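Read the structure below first, then the notes.
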Amino acid sequence: MTSTFNWAQWCASSRWFASLDMTLRGCSQVMFQNNPLTGLLFFIAIFMGAYGEGLPQVAFGCLLGTVVATGSAALIVTDRSALRAGLFGYNGCLIGAALPTFLSMSTLLWVSITLGGLLSVIVTLALSRLLKLWKLAVLTAPFVFTTWSLLLASYAFSHLNPAHLPLAAMPSSVPEHAGYLSLSEIVTGTLQGVSQVFLFSNVASGVLLLLGLGITSRWAMALGFLGALLATLIAGGLGADPHSISAGLYAFSAVLTAIALGSVFNRPGWRVLIYTLLGVIFTVVAQGAFNTLLTPLGIPSLTMPFVLVCWLLLLANPKIISPE
Amino acid sequence: MTSTFNWAQWCASSRWFASLDMTLRGCSQVMFQNNPLTGLLFFIAIFMGAYGEGLPQVAFGCLLGTVVATGSAALIVTDRSALRAGLFGYNGCLIGAALPTFLSMSTLLWVSITLGGLLSVIVTLALSRLLKLWKLAVLTAPFVFTTWSLLLASYAFSHLNPAHLPLAAMPSSVPEHAGYLSLSEIVTGTLQGVSQVFLFSNVASGVLLLLGLGITSRWAMALGFLGALLATLIAGGLGADPHSISAGLYAFSAVLTAIALGSVFNRPGWRVLIYTLLGVIFTVVAQGAFNTLLTPLGIPSLTMPFVLVCWLLLLANPKIISPE
Amino acid sequence: MTSTFNWAQWCASSRWFASLDMTLRGCSQVMFQNNPLTGLLFFIAIFMGAYGEGLPQVAFGCLLGTVVATGSAALIVTDRSALRAGLFGYNGCLIGAALPTFLSMSTLLWVSITLGGLLSVIVTLALSRLLKLWKLAVLTAPFVFTTWSLLLASYAFSHLNPAHLPLAAMPSSVPEHAGYLSLSEIVTGTLQGVSQVFLFSNVASGVLLLLGLGITSRWAMALGFLGALLATLIAGGLGADPHSISAGLYAFSAVLTAIALGSVFNRPGWRVLIYTLLGVIFTVVAQGAFNTLLTPLGIPSLTMPFVLVCWLLLLANPKIISPE
């Protein structure tokens, strides 16, 4: 605990350490943690994954997005404790991962990440005020709305090239495929599903992200892993496209749903476990639905299935959050 | 009245009769009635219509959906009087009609109806809390959102085959057609429009559904019939596709709008009649708009035009509901 | 000031002058002004622009829409001061401009404008009640929602011919084009952008509209002009389609955003200028995003980018509206 103590002292005495602390916490908040060490492990996992995919810009985008969002919030936000906990950084972090994943490299890409980081803070403030009436958290909705806007706009602006977006098309049925998922498909689907929270597929990064969770909370680590595993199995059982499953594309929203419903918003217990299980099932269905919904628009669903399912379950059962 | 009295006694003394009562009331609530006999006539009409179309699964789906939704609500809902009035059953009933209409037969279809019935209760609770601020009822929105999610997801999951969904396509103008609707087209459009509330086309079922309404309220029966007739005539006058009109596809939402605005939420009178007339006109326009909106997604508009128009008119004029 | 005094006297003593006054103010409210003389200049600009494009029905539609909306509101609305200020007329005015722009001439077109004018009042009342919880104004959302509904419906109703709507298509990237905007493209983009608020492209009309603004407020005139100029330059810098830019299609929403954020809802000052600048940038991005979003539906984005960006910024920063 001495090291943590020192860190807290350093942050109190130096503006640079305080900024670094907020940036690391911002990254850890992507998975609802408030811990600079978890954030550091997450950043290492992101750099590993991004370089592994030959897209280092994803990692640098994450860093830039977190810094810009945290910095913008430092200028305009009055709720300093939320700021220090990284609650204005995580949406910027995800925007910084998403834009370089789908747009091709250019100066304007970095401008977009910067603008997106700032925009994410404004969307966070606006959505918070909108949702306060129902005591709902904004979750990653600011990331989703900001990124969708910029990706949709990239079709209209030729200097923002949507080179890596899915081609817009008419929805059509996934072809029937024979057989079950193999064990290796299930394992890669699960672990790459964890890494897909940051929009890349990498087994080792997935393990590192889980370890990062484990530093703060073993319960969150277990929920994240089991959420991803369960989602992978359900998607397989429903006959989803096996390539998407093993790339982790049916699991990443479920990771967040499981951690959110199972450990953040509710007190652990049997009721909460059933609730979390339902949440994961609904998230997989919502993932399938959003894939179809967005096919004619040529944009990805990001973490919207997670956001919608959590809002739904929290609205339906506000008592479970604070039983007393 | 002796028979009703006995029925109430039976329900009080036997859990089985109470469950049957709730299920029948749940079916009658699809058209805003709270009467087990109306529910029984509705179920007879549904079985007639479903067997008439060669799709018995639609009728059994209705039954399953109503039972599952009512049963799930019995486990989790605290508002027992709403439960007993069937207010947690009608959305499940409609989901049970819709899924077998659009998806092909499989074990997973029955799993989906079960999941959909449960989901409809959760969506009802969530939406109720959301809309309470404006004193709006959820209407059939839980049915629409749940069914849309499952139908959209059916494109992504090969074990849920969307065999009978409209093919996703680009919106294009309906071709101009000469002449007026014949009297027989108007009559079938109107009566099949009533039966289309449960997603099938059957003149005799439509008559039986109106009779079922008449048992509880002659005013509701008249409104339902006139709403369907008026919507058919307006759609004809606007030049909608004549096949859709005579299949009742422009009338079913208007049936619900007319009953809701004319008898449930407002006190009868001249003002309410004008209001209901406007509601029917707007519902037909909204039906046309939703048909275009959903064409690229390959899903049907269900009763969303009714829901939106009622919300609009109730929001615009809250006073007309309780004039004192 | 003697003439204004007389005008007020005339309006007080004659119902006809009062109605004319409300109609003119309704037109001036399209750009947030409450001045019959501004409304008169706007109508002159509209007639000039409509005849210039060979579409006189656009001008007569504007007139009809404003009169019907104001008249309907006079029958059903209790807030008489809002009525007299033209706050129930401007959405009807815009609907009257939009429908003849996109639909071909027919008797039903005039019926639609009349219905649309009435509907705009109901949507205004409904949305006002919905948004009151967050103290948000409806802006031009009633115009957008009503017009979208009628345009989408026009695909389904053969007697409402959507002859001049964009063809529904899959989104695809705008082709890269070499070089910068010329000075004349920037000037026409800016001034036609002002005229595009009323859905036509006309430099002289744009100038006249700015003069109409200037009669009431020079600050509003400057903001409108600078908003249009800035939006044109940003769209050019992002590589938007040059034909759309010089037709003013990237500027009209920004005109409204600039006037709304810079002069109506906020007190002038440096903070507000930065805020307005951000609003214009976000409006251009939102314009690009909506263009893509609506491509598969074959309908235009109208002023939705302006509405959304203003709601976003007003939600995020309610204090800036009334700093004390």
Check your understanding: Count the lysine pairs in the protein assembly as shown that are 8 or more places apart or on different chains: how many have C-alpha atoms under 28 angstrom apart?
Key -> 27
Check your understanding: Where the centre of each part is set by its Cα atoms, how far does the stretch C:237-255 sit from the stretch A:279-293, in angstrom?
Key -> 37 Å
Review point. Near the axis that takes chain C to chain A, which C residue has its beta carbon closest, and at how many Å?
Key: C:Pro296, 3
Practice item. Whole Å is fine, so just give me how far the alpha carbon centre of the stretch C:165-189 lies from that of the stretch B:167-228. Key: 47 Å
Point to revise | Dipole of the protein assembly as shown, positive end: most advanced residue of C:Leu24, A:Gly52, B:Ile245 [Cβ charges, Cα centre] | key: C:Leu24
Exercise for review: Evaluate the relative contact order of the stretch C:143-268 (contact order divided by residue number), counting alpha-carbon pairs under 8 angstrom at least 6 apart; express in whole percent.
Suggested key: 27 percent
Check your understanding: Expressed as a whole number of Å, what is the distance separating the alpha-carbon centroids of the stretch B:64-108 and the stretch B:303-318?
Key -> 23 Å
**Study point:** Estimated FRET transfer efficiency when R0 is 56 angstrom, pair A:Trp16-C:Met105 (beta carbons, to 0.05)
**Key:** 0.25
Practice item. State the answer as a single residue: which of C:Leu210, C:Val67, C:Leu294 lies farthest towards the positive end of the charge dipole of chain C, with beta carbon charges of +1 for Lys and Arg and -1 for Asp and Glu, about the Cα centre. Key: C:Val67
Study note, to complete from the structure: Extension length gain for C:Tyr180 and C:Trp7 (0.36 nm per residue less Cα distance), in nm, is 57.3 nm
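Run the numbers on the stretch C:57-118 and let me know its relative contact order in percent, using alpha-carbon pairs under 8 Å that are six or more apart.
It rounds to 48 percent for the stretch C:57-118.
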Exercise for review: Can you tell me the dipole magnitude for chain B around its Cα centre, using point charges on the Cβ only (Lys, Arg +1; Asp, Glu -1), in Debye to the nearest 20?
Suggested key: 920 debye
Review point. Based on DSSP H assignment, which helices of chain B show an axial Cα extent of at least 15 Å together with a mean Kyte-Doolittle hydropathy greater than or equal to -0.5?
Key: B:2-13, B:15-28, B:36-52, B:56-76, B:90-102, B:107-131, B:141-156, B:183-195, B:203-216, B:218-238, B:270-294, B:304-316
Check your understanding: So how strong a dipole does the protein assembly as shown carry about its Cα centre when Lys and Arg Cβ are +1 and Asp and Glu Cβ are -1, to the nearest 20 debye?
Key -> 2740 debye
Practice item. Mind listing the label-point distances from C:Trp134 to the same position on all other copies, shortest first, one decimal in nm, points 7 Å along Cα→Cβ? Key: 1.2, 1.2
Point to revise | Value of relative contact order over chain C, rounded to a whole percent, pairs C-alpha under 8 Å and six or more apart | key: 17 percent
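Which whole number gives the average count of other chain Cβ atoms within 10 Å of the Cβ atoms across peptide B:158-171?
That average works out to 5.
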Exercise for review: Go ahead and estimate [θ] at 222 nm for chain C from helices alone: -39,500 (n - 2.57) per DSSP H run with n ≥ 4, summed, over the residue count, rounded to 500.
Suggested key: -22500 deg cm²/dmol
Practice item. Would you mind listing the distances between the C:Trp16 label point and the same position in each other copy? Use 7 Å along Cα-to-C-beta, nm, one decimal, shortest first. Key: 8.0, 8.0
Check your understanding: At q = 0.07, 0.08 Å⁻¹, what is the log10 ratio I(q)/I(0) for chain B, with the Debye formula run over Cα points and no solvent?
Key -> -0.26, -0.34
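Computed from the coordinates by the stated procedures, all read-outs in this text should not be read as laboratory data. Every value quoted in this text rests on a predicted model; they were computed, and no experiment measured them. Heads up, the Cβs are rebuilt from the backbone with ideal geometry, glycines too, and the neighbour counts pull from every protein chain shown.
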